[in-house]
Amino acid sequence: MTTRKGLVILVAFLLATSMVFASGQQEGDGAQEVKTIRVSHTLAPESHYHQGLLKWKELVEERTDGSVMIEVYHSAQLGSERDVVEGVSLGTIEATLSSTGPLPNFTNAFMVFDLPFIVQDRQKAYEWMDGSNGQEILASLEGSGIKGLGIWENGFRNLTNSRRFVDSPDDMDGLKIRLMENPIHVATFETLGARAVPMPFGELFTALQQGTVDGQENPLVIIETSNFYEVQDYLSLTGHFYSPAVLLINLDFWNNTLNAEEREIVSQAEAEARTWQRNFSIQGEQALRTALREQGMEIAEVDPAEWFAAVQPVYAQFADQVDQDMVESFVAAQQ
Ligand code: EAX
């Protein structure tokens, strides 16, 4: 109740400020026009998403002398990933950093990343994502009114649950696992024998706490910063999906509100913040294992080859929806 009320007040406030901003623009009083990028994400302020976006904000505001300002909204304050990506497409919000979870609603191009165990060498995967293939995948959103700025990191996803120590795929049988609302993710867990429950991230902590689901899967940084260890005793280091985080901005805002010089600065800052964010993410990993163990989680190291073998059918299942040339290219780039 209170959160919903808070959200209504926040939305009203945002509408009011954008109206003031719009009328200021119309008056053309000669004052420097400030362009604001509101960027939304679902994670906690301590997360790699938030810290990376703060880096982007710092670089952009400094280099544009404050003519472009970035406001970062965390913890799904402005909505779920699905709603906010839709908002960026419509232009009701300027930008978001989102997982690939909701992107199949717009384009099949990102589904290559959703395949289990597709990333085997993270550094080589970064190079591929930053190169022409990544650009082509990002450009597939333009028909939906979205400019993809770059592919950041969510991370390797690991399984947690409250019921039992899960070491091999056989242990999955019947576990109710929350997944992103993504067809490949759902199919992968069904293949493993789990009961897949797609759900927005914002509802997940409560669902775990109330036992609506037994488990979930996310990178360690999220398991830690979203306090999932409080309601999940078992962690399996499956690393079954590599989850990119895609920085998206409304295409019309990009083309028509920002000028060429600002676009250049915003892009350059994006590339630097992306590298910074990936490093931040990698550097945190070892400490996160220790921290989660200290919080009482029992950790299964698992044999990734055994899990990879168990989910093979998913590749055939989605062969006609995922661009096979992209899959081959991505795999070959990591040899
Ligand atoms: O993008 O929904 C999820 O589990 C995602 O990992 C999270 O929202 C960050």
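The values are calculated or read from the model by the stated rules, or taken from the named source; none is laboratory data. Just so it is clear, the structure is predicted and the values come from calculations on it, not from any experiment. So basically every Cβ, Gly included, is an ideal-geometry build from the backbone, and we count neighbours across all protein chains shown. Heads up: the accessible areas ignore ligands, DNA and RNA and are worked out on the full protein's heavy atoms, side chains in. Shrake-Rupley method; radii C 1.70, N 1.55, O 1.52, S 1.80 Å.
Okay, here's what the table says:
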item: Among residues of region 117-152, those that are acidic (Asp, Glu) and either within 15 Å of ILE249 (Cα to Cα) or not assigned by TED's automatic domain parsing to the domain that holds THR257 (or both), counted; result: 1
item: Filtered residues of region 172-185 (kept if farther than 17 Å from THR212 by Cα and either open to solvent by 10 Å² or more (accessible area, probe 1.4 Å) or without any contact (Cβ under 8 Å) to a residue 40 or more places away in the chain (or both)); result: PRO183
item: Test for THR275: is it open to solvent by 50 Å² or more (accessible area, probe 1.4 Å) and either touching a Leu at 6+ places or on another chain (Cβ under 8 Å) or in a helix (DSSP H, G or I) (or both); result: yes
item: Residue check, GLY193 assigned to a loop (DSSP other than H, G, I, E, B) and either out of contact with any Phe, Trp or Tyr (no Cβ under 6 Å at 6 or more places or on another chain) or of a type outside the set (Lys, Arg) (or both); result: yes
item: Residue in region 76-90 that is over 22 Å from GLU181 (Cα atoms) and open to solvent by 40 Å² or more (accessible area, probe 1.4 Å) present; result: no
item: Considering residues of region 233-253 that are aliphatic (A, V, I, L, M) and crowded, with 21+ Cβ neighbours inside 10 Å only, the residue farthest from the chain's Cα centre (by Cα); result: LEU235
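This table checks each residue for (1) touching a Ser or Thr at 6+ places or on another chain (Cβ under 8 Å); (2) assigned to a helix (DSSP H, G or I).
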site: ASP83; (1), (2): no, yes
site: ALA109; (1), (2): yes, no
site: VAL112; (1), (2): no, yes
site: PHE117; (1), (2): no, no
site: TYR126; (1), (2): no, yes
